[in-house]
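Engineer: A single structure is presented below for examination.
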Amino acid sequence: MKNSSIKWKSTLLLLAICCSSALWAVTSVTGSVELMGSKFKTYKVTKKESLYALSRNLGVNYDSLLQWNQGFNAEVPKGYTLYLPQLTNNSKPEALPERVLTYKVKYGDTLFGIAKRYNTTVSDIIAVNPKLRSSILAADSEIKVPENTAQRNLVPVLETRRGIVTFRYYEVKRDESAEGIASNHGIDVSLLKAANPGVEIKKNAKLAIPVLGDVHYTVYKAATDPRENTKEGQQAIFDSMANKRVDNHLNVAVVLSSPASNKDIDFARGFLTAVKEFGEVNRHLNISFINGSHESSMLTSDPGLTKASLIFTTYDNKVPESLANYAEKEGKTLINAFAVRDSLFRRNASMINLMSSPNDFNAQVAQYIVENYGDSYFVFLGDPLQAQDQIAFQVMNRLDGENFDAAENLDDVLPHPSRPMVFYSLANNKKSMVDNLEAIKAWMAKNPAVDVRTIGRPSWIVHVSGHTELMKETNTDFPTRFYFADREPAEQQFIKRYEEFFHANPVRSYPTYSVMGYDAAWYFLQSGSEHKDLQMPFRLMRVAGGGEYNSAAYMLRFQPGMPITKLDIIPYSEINE
């Protein structure tokens, strides 16, 4: 009888447990939802009950349930949805596959930008490219990029964002709308509706109002070198890694084609002015000046040349092919300062031309003119066949026939009825240039309502100092590879330093020889520095199967009452991409 009583009581207890579970199964419905980037578990109450009882039935902590569901006077009403945050996984993300890619550098690319794009670091890119000579990349060159290596240095980071910190019970009043309720509580109406799916906004409806505040959460991010996102910092990383690979010396040779010429003397002096300014900041410099007029066998056996990794040359017409071949064979970099017509760089990977060739420059400028002045009506002033202006020919070929005309003078040129006008002067000497500008000035005075722009030739650079005001009065633009504004503060500082060091004035030339040496020394010996290019920037582009050339070019703009402006001409190969 006793055993029978025990069995009966056990049966009643089991029945009570089952009934309790079955009762909860029908008094709440569970689910999950993501709101404002956070995941929540939801419990929809199907019968009125206290929050404490609900916590017992749900098997959750009462304090946590109370923290996330506020505003109840007594019991939680039937149909209301309770919220609890789901625990997030703060473990490291799954590792991504790593590989090394070959990347073709685009105009304007930086090591930092490429590193961010491929989830790597500046130092990792430098490490797999031992032949890089600085942190500045040449457009169209190819480098190796190790993808996803930044994940090797993931660290937990506590971050804060705007998010949901709790939910507050709210009973809709008469004539209230979802928009009004959301506005009164400082949330978007879309968030209000997402937190109350299926609830019709009407009097006495029960809503869970998300309350916003600062949410703290942990994410894993790659530990980064703070120097990466500045040009100077990237060069500092490069220098520190380069110094570990080799001894802290840089051997430089400056091959002067005619050591006694003003050009070579001034180039060398400008070069040394830069070296005296920056000193031996990152490494010890050994600089040798070599007579480039010697025979090739004597030249390539000069100890200063054989030890050098960087070779600067000042030849006017062509760099000796034997010297270029020697540099390529020995893995040296040869920098051609002045020989713009030398095409060796197109097949010799060791060469860098500091000025673009006439063909590259002309095509670059013609593209710029058509794209920036193409809405105007062009009048080519002069005889195109006699002038042999290659830029003008390319512009004509790209314009429709009804968009331009040619005239020997402006006497019979009428204003275009609806478009601005460009007078493209084909004058190639000072007298004809002045005559053209005076005629354009008179035409503009007779037709003040016409928007006129004058385009001149690159050779006009030598006449700027004596005719600046006339160029301004005629709204003149003309293209050039270089421009030394010798009255600007930085330029004046250079002239002062030059005079202090050498007790002489820089020779006036086009380009300015001393400034060419000065800018080249800063760029190649102190890459990544804050130095301001005085005469032209260096925007190197690599040609397929060859070396590099400086694609920098300007359109100099002259306007009344304004300083001379340098408009950057983007390389045409980039425009066409």
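Just so you know, all these numbers are worked out from the coordinates, no wet-lab data involved. Being a predicted model, the structure only gives us computed values, none of them experimental. Methodologically, a virtual Cβ is constructed for each residue, glycine included, from the backbone with ideal geometry; neighbour enumeration extends over all protein chains shown.
Engineer: Output wanted: per-residue J couplings in Hz (rounded whole) for segment 223-236, from phi through Karplus 6.51 cos²θ - 1.76 cosθ + 1.60, θ = phi - 60°, x for Gly and Pro.
Structural biologist: After applying 6.51 cos²θ - 1.76 cosθ + 1.60, I find 5, 10, 7, x, 7, 5, 8, 10, 4, 5, x, 4, 5, 5 Hz.
Engineer: Can you check how the C-alpha radius of gyration of segment 23-88 compares to 2.2 N^0.38 Å, as a plain ratio?
Structural biologist: Numbers: Rg = 11.4 Å, N = 66, 2.2 N^0.38 = 10.8 Å.
That works out to 1.05 for segment 23-88.
Engineer: Please turn the phi angles of segment 438-445 into ³J(HN,Hα) values with the Karplus equation 6.51 cos²θ - 1.76 cosθ + 1.60 (θ = phi - 60°), one per residue in order, whole Hz, x for glycine and proline.
Structural biologist: Ordered by residue, 3J(HN,Hα) equals 5, 5, 5, 4, 5, 4, 5, 5 Hz.
Engineer: Oh, and also: From the residues 204, 234, 357, which one has its Cα farthest along the dipole of the chain in the positive direction, the dipole being from +1 and -1 charges on Cβ of Lys/Arg and Asp/Glu about the Cα centre?
Structural biologist: In the chain, that residue is 204.
Engineer: What percentages, rounded to whole numbers, describe P(r) for segment 89-245 computed over all alpha carbon pairs with 5 Å bin width beginning at zero?
Structural biologist: So the P(r) values, bin by bin, are 1, 8, 14, 13, 10, 7, 7, 7, 7, 7, 7, 6, 4, 2, 1, 0.
Engineer: Can you list the residues, at least 5 places off or on another chain, whose amide H is less than 5 Å from the amide H of residue 35, using H built in the peptide plane?
Structural biologist: Here the answer is 40, since their amide H atoms fall under 5 Å of that of residue 35.
Engineer: For segment 246-355, what is one quarter of the convex hull surface built on the Cα atoms, given in nm²? Mind dumping the intermediate values first?
Structural biologist: Details: hull surface 27.6 nm².
The directionally averaged projection comes out at 6.9 nm².
Engineer: As a test of the formula, what do you get for the chain when each DSSP H run with n ≥ 4 contributes -39,500 (n - 2.57) and the sum is divided by the residue count, at 222 nm and rounded to the nearest 500 deg cm²/dmol? Please list the in-between numbers first.
Structural biologist: Numbers: 20 runs with 206 residues, N = 577.
Calculated from helices alone, the mean residue ellipticity at 222 nm is -10500 deg cm²/dmol.
Engineer: Quick one: what Rg and Dmax do you get for segment 359-480 from the alpha carbons, in Å?
Structural biologist: Here Rg and the maximum Cα pair distance are 13.3, 38 Å.
Engineer: Sticking with this one: Please tell me the relative contact order of the chain in percent, rounded to the nearest whole number, where contacts are Cα pairs under 8 Å and at least six residues apart. All intermediate terms of the calculation are to be shown ahead of the outcome.
Structural biologist: Values: 1023 pairs, mean separation 68.5, N = 577.
Contact order relative to length: 12 percent.
Engineer: Looking at 254, 373, 119, which one has the Cα that reaches farthest to the positive end of the dipole of the chain (charges on Cβ: Lys, Arg +1; Asp, Glu -1)?
Structural biologist: Going by the Cα projections, it comes out as 119.
Engineer: Here's a follow-up. Helix 358-373 versus the longest principal axis of the chain: what is the Cα-based angle in degrees, 0 to 90, to the nearest 10?
Structural biologist: Helix 358-373 and the main axis of the chain meet at about 60 degrees.
Engineer: For the residues 468, 166, what sequence is obtained by ranking on other C-beta atoms within 10 Å, fewest first? Spell out each step's value before the answer.
Structural biologist: On the way: 468 13, 166 17.
Listed from fewest to most nearby Cβ atoms, that is 468, 166.
Engineer: Next up: For segment 393-438, take N as its residue count and report Rg(C-alpha) divided by 2.2 N^0.38 Å. Could the numbers behind the result be given before it?
Structural biologist: Details: Rg = 12.1 Å, N = 46, 2.2 N^0.38 = 9.4 Å.
Dividing the Cα radius of gyration by 2.2 N^0.38 Å gives 1.28.
Engineer: Distance in nm between label sites at residue 298 and residue 160, each 7 Å beyond Cα in the beta-carbon direction?
Structural biologist: Output for this residue pair reads 7.5 nm.
Engineer: Rank by packing, highest mean first: peptides 298-304, 400-406, with packing defined as the count of other Cβ atoms within 10 Å averaged across residues. Provide the component values of the computation, followed by the final result.
Structural biologist: On the way: 298-304: 15.0, 400-406: 11.9.
Going by the mean number of other Cβ atoms within 10 Å, highest first, we get 298-304, 400-406.
Engineer: Right, something else. Quick one: putting +1 on the C-beta of Lys and Arg, -1 on the C-beta of Asp and Glu, what dipole do you get for segment 359-480 around its Cα centre, in Debye to the nearest 20? Kindly include the intermediate steps, with their values, before the conclusion.
Structural biologist: On the way: 9 positive and 17 negative charges, 65 e Å.
Result for segment 359-480 is approximately 320 debye, rounded to the nearest 20.
Engineer: Same structure again: How would you rank 560-568, 448-456, highest first, on the average number of other Cβ atoms within 10 Å across their residues? Could you put the intermediate results ahead of the total?
Structural biologist: Details: 560-568: 11.2, 448-456: 17.1.
Result, highest mean first: 448-456, 560-568.
Engineer: Would you mind classifying segment 463-577 by shape? Square roots of the alpha carbon gyration tensor eigenvalues, ordered a ≥ b ≥ c; an a/c under 1.5 is rounded, otherwise it is prolate if a/b is larger than b/c and oblate if not. Could the numbers behind the result be given before it?
Structural biologist: On the way: a/c = 2.22, a/b = 1.06, b/c = 2.09.
Oblate is the answer for segment 463-577, as a/c is 1.5 or above yet b/c matches or exceeds a/b.
Engineer: Show me the ranking of peptides 536-543, 486-493, 148-155 by mean Cβ neighbours inside 10 Å, starting with the highest. Before the final figure, lay out each step's value.
Structural biologist: Numbers: 536-543: 19.8, 486-493: 12.8, 148-155: 16.0.
By packing density, highest mean first, the sequence is 536-543, 148-155, 486-493.
Engineer: Between 0 and 90 degrees, rounded to the nearest ten: what's the tilt of helix 262-278 against the longest Cα principal axis of the chain?
Structural biologist: Orientation of helix 262-278: about 30 degrees from the principal axis.
Engineer: Now for a different question. Kindly provide the Kirkwood hydrodynamic radius of segment 146-193 in Å, to one decimal, from all pairs of distinct alpha carbon atoms.
Structural biologist: Working: mean 1/r = 0.0678 Å⁻¹.
This gives a value of 14.7 Å.
Engineer: Quick one: grab Rg to one decimal and Dmax as a whole number for the chain, Cα atoms only, in Å.
Structural biologist: Over the chain's Cα set, Rg and Dmax evaluate to 37.4, 134 Å.
Engineer: Where does the charge balance sit around residue 394 when Lys and Arg score +1, Asp and Glu -1, over other residues with C-beta under 15 Å from its C-beta? All intermediate terms of the calculation are to be shown ahead of the outcome.
Structural biologist: Values: positive: 398, 457; negative: 360, 371, 389, 400.
My count for the surroundings of residue 394 gives -2.
Engineer: List the pairs from 92/131; 116/193; 106/532 whose alpha-carbon separation is above 32 Å, in the order I gave them. It would help to have the intermediate numbers written out before the result.
Structural biologist: Working: 92/131 35 Å; 116/193 38 Å; 106/532 23 Å.
Listed pairs above 32 Å: 92/131; 116/193.
Engineer: When a footprinting reagent is the concern and you count Cβ atoms within 10 Å, what order do 122, 199 take, fewest first?
Structural biologist: Values: 122 25, 199 18.
By the 10 Å Cβ count, ascending, the order reads 199, 122.
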